[in-house]
Amino acid sequence: MPAMRTALDALPETLSASEKAFVTMIRENGFFRTEVLGDDEGPGFSFTTGFWVTAKHPELIMFSMTGDIAHDIFWDLFKDARSARSLPVGRRTDQVFANLPAYAFPVAKRHYADHLGWSRWFYGDDKFPCIQIVWPDRGGVFPWEKGFDATFVNDQPDLSEHGWVKSLAV
């Protein structure tokens with residue numbers, strides 16, 4: 001099987017200054033976290049680039065967390081991935097947050113263009129997996145569960161293929 005080609009393989013003279021800095025961060029740290037600020041069109045979010053090529057783990061995306069919190073969570077999950085511990089997909093897990101459960105769901109490819117720009121550039125296409133980390137409200141209730149705090153209803157869009165409920169592992 002041929003090695004995956006990424007922006008790590010690009011000739012330095014073909015990259016802009018920001019592209020070089022991005023690639024350097026992945027070389028040095030294994031991944032890069034991109035933060036997108038929220039606006040009238042939707043909530044802010046952070047996503048990773050590099051997990052797939054350096055840790056053989058899907059890239060991650062998470063909505064409505066501060067950049068510092070997202071970075072700390074991604075860093076812990078990256079260390080887990082490098083140790084061959086991956087997030088369970090479609091199952092409740094305590095591997096993400098210290099005091100709340102979370103879920104991880106595959107992101108549908110149709111959402112990549114709107115949410116994963118730098119990752120798409122880095123990999124040269126959409127042939128990399130990404131999972132969305134979904135968090136509960138303060139009471140531990142998830143968006144698809146009865147009693148979810150409506151205050152948070154617009155804080156994390158469902159990027160799965162057929163909806164979070166249909167994506168739950170049985």
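No value in this document is a laboratory result; all are computed from the given coordinates. These numbers were taken from a predicted model, which means no experiment stands behind them. Backbone-built Cβ (ideal geometry, glycine too); neighbour counts: all protein chains shown.
Condition (residue is free of Cβ contacts under 8 Å to residues at least 40 places away in the same chain, loosely packed, with under 14 Cβ neighbours inside 10 Å and within 22 Å of PHE31 (Cβ to Cβ)) applied to segment 127-142: is it met by at least one residue?
Among the residues of segment 127-142, at least one is free of Cβ contacts under 8 Å to residues at least 40 places away in the same chain, loosely packed, with under 14 Cβ neighbours inside 10 Å and within 22 Å of PHE31 (Cβ to Cβ), which makes the answer yes.
From PHE78, PHE51, which residue is closer than 16 Å to TRP121 by Cβ and touching a strand residue (DSSP E or B) at 6+ places or on another chain (Cβ under 9 Å)?
Of PHE78, PHE51, the one residue that is closer than 16 Å to TRP121 by Cβ and touching a strand residue (DSSP E or B) at 6+ places or on another chain (Cβ under 9 Å) is PHE51.
From GLY124, GLY90, grab the single residue that is under 26 Å from ASP9 (Cα atoms), in contact (Cβ under 8 Å) with a residue 60 or more places away in the chain and surrounded by fewer than 20 Cβ atoms within 10 Å (Cβ to Cβ).
GLY124
Check PRO88, PRO143 and return the single one that is out of contact with any Ser or Thr (no Cβ under 7 Å at 6 or more places or on another chain), within 16 Å of LEU159 (Cα to Cα) and assigned to a loop (DSSP other than H, G, I, E, B).
One residue alone meets the criteria, PRO143.
Return the residues of segment 96-121 that are touching a Ser or Thr at 6+ places or on another chain (Cβ under 9 Å), under 16 Å from PHE51 (Cβ atoms) and part of a loop (DSSP other than H, G, I, E, B); say none if nothing qualifies.
Matches in segment 96-121: VAL107, LEU116.
Are any residues in segment 97-116 more than 12 Å from the chain's Cα centre (by Cα) and either over 15 Å from ASP158 (Cβ atoms) or of a type in the set (S, T, N, Q) (or both), and if so, which ones?
Scanning segment 97-116 gives PHE97, ALA98, ASN99, LEU100, PRO101, ALA113.
Could you check GLN132 against (1) within 15 Å of the chain's Cα centre (by Cα); (2) of a type in the set (S, T, N, Q); (3) not in a strand (DSSP E or B) and say which number it fails?
Condition not satisfied by GLN132: (3).
How many of the residues in segment 1-37 are surrounded by 10 or more Cβ atoms within 10 Å (Cβ to Cβ) and either out of contact with any strand residue (DSSP E or B) (no Cβ under 8 Å at 6 or more places or on another chain) or over 25 Å from ASP114 (Cβ atoms) (or both)?
The qualifying residues number 16.
Can you say whether ASP125 is in a helix (DSSP H, G or I), over 22 Å from LEU168 (Cβ atoms) and out of contact with any Pro (no Cβ under 8 Å at 6 or more places or on another chain), as far as the supplied structure shows?
Considered against the rule, which asks whether it is in a helix (DSSP H, G or I), over 22 Å from LEU168 (Cβ atoms) and out of contact with any Pro (no Cβ under 8 Å at 6 or more places or on another chain), ASP125 comes out as no.
Taking segment 1-60 only, how many residues are assigned to a loop (DSSP other than H, G, I, E, B) and not small (Gly, Ala, Ser)?
Number satisfying all stated conditions: 15.
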